[in-house]
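To start, the structure under review is shown below, and the notes come after it.
The values are calculated or read from the model by the stated rules, or taken from the named source; none is laboratory data. Quick caveat, the model's predicted, so the values are computed rather than measured. Counting neighbours? That spans all protein chains shown, and the Cβs are built from the backbone with ideal geometry, glycine included. All accessible areas refer to the heavy atoms of the entire protein, side chains included, with ligands and DNA or RNA removed. Shrake-Rupley method; radii C 1.70, N 1.55, O 1.52, S 1.80 Å.
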Amino acid sequence: MKEEKKISLILGSHAHVPSGAPECEFEYVYENKMRPFVSNLNRYSNVQSVLHYSGVLLYWVERNHPEFFMLIEDMVSRKQIEILGGGFYEPCFPLIPVHDRIGQIELMTTYLRKHFGKRPQGCWIPGMTWEQHLVTAICACDMSYTFLSQEQFTQAGMKGLEVFTPCISEDQGKLITVFPVSSGIEKDLKEKSFSHVFIEFNKKVESQKNKVCAAAGVIVSIFPENVSSFSDETQDAKWNRFFEEISLSDKIIETILPSKIFKTNKKMNKASFQNSSAAPDYSPRNFLIKYNEINGIYSKMIFTNVLINQLKGDKTRKLNAREELWKAQDSCMFSPGNGHLRADLRKAAYSSLLRAEKLTRDKGKFITSVIQHDFDCDGIKEYLFQDAKINCYIQQKGAGIFELDYLPVEWNYLDCGSNESSRNITFADIILNTDVKTDDLYLSKDNGRMCFNEQYEAITQDKKGKLCFKLPAIGDDVRYGNIEINKCYILKGDHLTVSYLIRNTGSEIEKFQFIPEINLSFAGVGSEIVRFHTTDNGGKDVLLEKSLKSDNLKILDVKNEVQIIFTSEKIFSGSLRQVFNNNFYQTAEILPGFAVTLKSGETWSNEFTLKFSH
């Protein structure tokens, strides 16, 4: 009697911690995901598995738990496990240039071959975020197979048990094998035992066995993050029981490595997959449109890539700059979840991008410049001040600063998250009713004129570091619509000067509060991270908490050892507050307020400076 063909099980483990995350996050993932899985798998030599741990995570483990590498190396040598390659810094592949895709995969391949003695044959795609042209880059790195979700197989037109069968996919004549990952079985395993789940699944297969691809049979791929457990069960006990159940299910299940299936099964269906991901209704390109702060990192990434491509004659410096760029391409920030809200991850990305930018600059004296460039790819050119110590990027919307880099410490002080309409900017102009208090300010058009949402005209540009804008009066139909704002930026060395000239073009007296909102983003809150002072009449520093009444503000960025001095020609009254989004710190918001009364044709002027020292 012919023996029934067993279900082939590709059992995998995947983990990643983004670059810039705190040490405790790496330790947690190691102790709760990596070590329990691998160490208990090692006890069951008849159970095979495929592992994918990002290069960032492996690099940390190598330095903190070297014994783990010895265990993996031993399991690879006896062919119990297979390690997947991929992008070293777990990038969102569709959003990065082709040479970065190839470079990241090759970096990971070199790392794995060096430490475990074997070149990976398969490639992990973070978030299973797919675009068909990825095939070409993956094949260029000699990768033979990858994984996508069963939902993506369904979208490609496969039905029934076809979603448990690998296929081939093509681009530009290049072919790759794609294995389906069953999120449904992964979900069931969180609540039910392995034996229960696969006994039920086997019944389903038996009822439809005439529909199963004869060549490959039924292949189940799973990368379970968690499996069912008892309330008092440890991670080790849980995974040990899981592998034991797999061993005892050998009559219906056979664990197998994907490379073996790839080599032995030559007849596979062909499929073309839609632009998609494992997350429903997610598109990385739409994600950039929805979240302005992440589009800012993406725009900086594209701009930095251009700078690196222009670097000639120094291959080592170019390679170092490109690897810094790769660190900022982490998929965690470009995909669903809270990654885009985490200031620590965004700060780490900007720091890497600024290190890359510094590497592209010629050694010696840097010439200050102002260039026009569509930095954020919205069809409108922005103005980029670039100096030896400071980058100051200004947009016409609100004529505000949207990126402020202090290069000596590789820090963007305007990675400030987003408000309801766009990224938070500095020198965001607001004209308010006189009865609104800044300490409980609710920004609404009912309170006045939100000038930061309006388009300013660029009227003067000096290549040496001067740029002037004008917000014209728009008439009586808009509240404070007769107010005209002229605004000039001058960047010299380590300080920025911003001057205002506000004119009443109407026929009636105008009374209002003028607030040039300042946003500056630090590593967090608390006196151990950042301190705010003002200087009293006697020249002594006075610690500030919320209320402001002064002509100066001294900010000590403790983490970066940077001092920022904000001064004003006129005394202001206002408030200081910390801004959070879903409990994630975003920015320190400084609201200096000025009471202004202007007769017809009268003007009000003031000048501010921001000075950095390190």
Task: Qualifying residue in segment 253-268 (condition: open to solvent by 60 Å² or more (accessible area, probe 1.4 Å), more than 30 Å from S421 (Cβ to Cβ), of a type in the set (S, T, N, Q) and modelled with pLDDT under 95) - done: yes
- [ ] Check L414 against each of (1) open to solvent by less than 30 Å² (accessible area, probe 1.4 Å); (2) aliphatic (A, V, I, L, M); (3) part of a strand (DSSP E or B) and name the one condition it does not meet.
- [x] (3)
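Considering only residues of segment 579-599 that are in contact (Cβ under 8 Å) with a residue 40 or more places away in the chain and open to solvent by 70 Å² or more (accessible area, probe 1.4 Å), which is nearest to the chain's Cα centre (by Cα)?
Of the residues in segment 579-599, the ones in contact (Cβ under 8 Å) with a residue 40 or more places away in the chain are 579, 581-582, 584-599.
Keeping just the survivors that are open to solvent by 70 Å² or more (accessible area, probe 1.4 Å) gives 582, 595, 597, 599.
Numbers: N582: 17, A595: 41, T597: 45, K599: 49 Å.
That would be N582.
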Open item on the list: Would you confirm, using the coordinates I've provided, whether V98 is among the hydrophobic types (A, V, I, L, M, F, W, C) and more than 22 Å from the chain's Cα centre (by Cα)?
Closed with: no
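Take segment 240-252 and flag every residue that is surrounded by 14 or more Cβ atoms within 10 Å (Cβ to Cβ) and part of a loop (DSSP other than H, G, I, E, B).
S249, I252, listed by residue number.
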TODO: Within segment 255-272, work out how many residues are among the basic types (K, R) and assigned to a loop (DSSP other than H, G, I, E, B).
DONE: 2
TODO: Report whether or not K559 is free of Cβ contacts under 8 Å to residues at least 40 places away in the same chain, in contact with a strand residue (DSSP E or B) (Cβ under 9 Å, 6 or more places away or on another chain) and within 21 Å of E410 (Cβ to Cβ).
DONE: yes
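Residue-wise test of (1) touching an Asp or Glu at 6+ places or on another chain (Cβ under 7 Å); (2) more than 18 Å from I294 (Cβ to Cβ); (3) assigned to a helix (DSSP H, G or I).
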{"position": "N320", "(1), (2), (3)": "no, yes, yes"}
{"position": "E324", "(1), (2), (3)": "no, yes, yes"}
{"position": "L354", "(1), (2), (3)": "yes, no, yes"}
{"position": "K365", "(1), (2), (3)": "no, yes, no"}
{"position": "Y383", "(1), (2), (3)": "no, yes, no"}
{"position": "A388", "(1), (2), (3)": "no, yes, no"}
{"position": "N391", "(1), (2), (3)": "yes, yes, no"}
{"position": "F402", "(1), (2), (3)": "no, no, no"}
{"position": "P408", "(1), (2), (3)": "no, yes, yes"}
Open item on the list: Any residue in segment 290-312 that is part of a loop (DSSP other than H, G, I, E, B) sitting within a Cβ distance under 9 Å of a residue that is small (G, A, S) and open to solvent by less than 40 Å² (accessible area, probe 1.4 Å)? List the pairs, counting only those 6 or more apart or interchain.
Closed with: Y291/S418; L311/A321
Open item on the list: If I ask for residues that are under 24 Å from L248 (Cβ atoms), crowded, with 20+ Cβ neighbours inside 10 Å and among the small types (G, A, S), which ones from segment 1-50 would you list?
Closed with: S8, G12, S13, S49
- [ ] Check Y393 against each of (1) in contact (Cβ under 8 Å) with a residue 24 or more places away in the chain; (2) crowded, with 22+ Cβ neighbours inside 10 Å and name the one condition it does not meet.
- [x] (1)
Open item on the list: I'd like to know if segment 461-469 contains one or more residues that are within 22 Å of S422 (Cα to Cα) and either open to solvent by 40 Å² or more (accessible area, probe 1.4 Å) or in a loop (DSSP other than H, G, I, E, B) (or both).
Closed with: no
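Quick one: in segment 269-302, of everything that is charged (D, E, K, R) and under 27 Å from D171 (Cβ atoms), which residue is surrounded by the fewest Cβ atoms within 10 Å (Cβ to Cβ)?
Pass one, segment 269-302, residues charged (D, E, K, R): 270, 281, 285, 290, 293, 300.
Filter once more, keeping what is under 27 Å from D171 (Cβ atoms): 270, 281, 285.
Numbers: K270: 10, D281: 8, R285: 12.
Here the answer is D281.
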Task: S547 vs. criteria touching a Pro at 6+ places or on another chain (Cβ under 8 Å) and either farther than 15 Å from L520 by Cα or open to solvent by 60 Å² or more (accessible area, probe 1.4 Å) (or both) - done: no
Task: Close pairs (8 angstrom Cβ cut-off, 6 or more residues apart or separate chains): within 13 Å of R285 (Cα to Cα) in segment 323-340, of a type in the set (S, T, Y) anywhere - done: S331/T129; F334/Y298; S335/T129; S335/S277; S335/Y282; P336/Y282
Open item on the list: Under 6 Å between Cβ atoms, which residue pairs at least 6 apart in sequence (or on different chains) link something in segment 182-202 that is touching a residue at least 12 places away in the same chain (Cβ under 8 Å) with a partner that is open to solvent by 30 Å² or more (accessible area, probe 1.4 Å) and in a helix (DSSP H, G or I)?
Closed with: F194/E245; S195/E245; V197/D188
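If you go through segment 315-343, how many residues are open to solvent by less than 20 Å² (accessible area, probe 1.4 Å) and either under 11 Å from E357 (Cα atoms) or among the acidic types (D, E) (or both)?
Count: 3.
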- [ ] Specify the residue that is nearest to D536 (Cα to Cα); the eligible residues are those in segment 564-600 that are touching a helix residue (DSSP H, G or I) at 6+ places or on another chain (Cβ under 6 Å) and of a type outside the set (S, T, N, Q).
- [x] G574
Task: Residues of segment 303-314 that turn out to be surrounded by fewer than 16 Cβ atoms within 10 Å (Cβ to Cβ) and among the β-branched types (V, I, T), as a count - done: 1
Open item on the list: Residues to consider are E131, E151, E162, E225; find the one that is touching a residue at least 40 places away in the same chain (Cβ under 8 Å), open to solvent by 10 Å² or more (accessible area, probe 1.4 Å) and closer than 14 Å to K270 by Cα.
Closed with: E162
- [ ] Pull up segment 528-544, narrow it to residues that are in a loop (DSSP other than H, G, I, E, B) and open to solvent by less than 60 Å² (accessible area, probe 1.4 Å), then point me to the one that is nearest to F572 (Cα to Cα).
- [x] L544
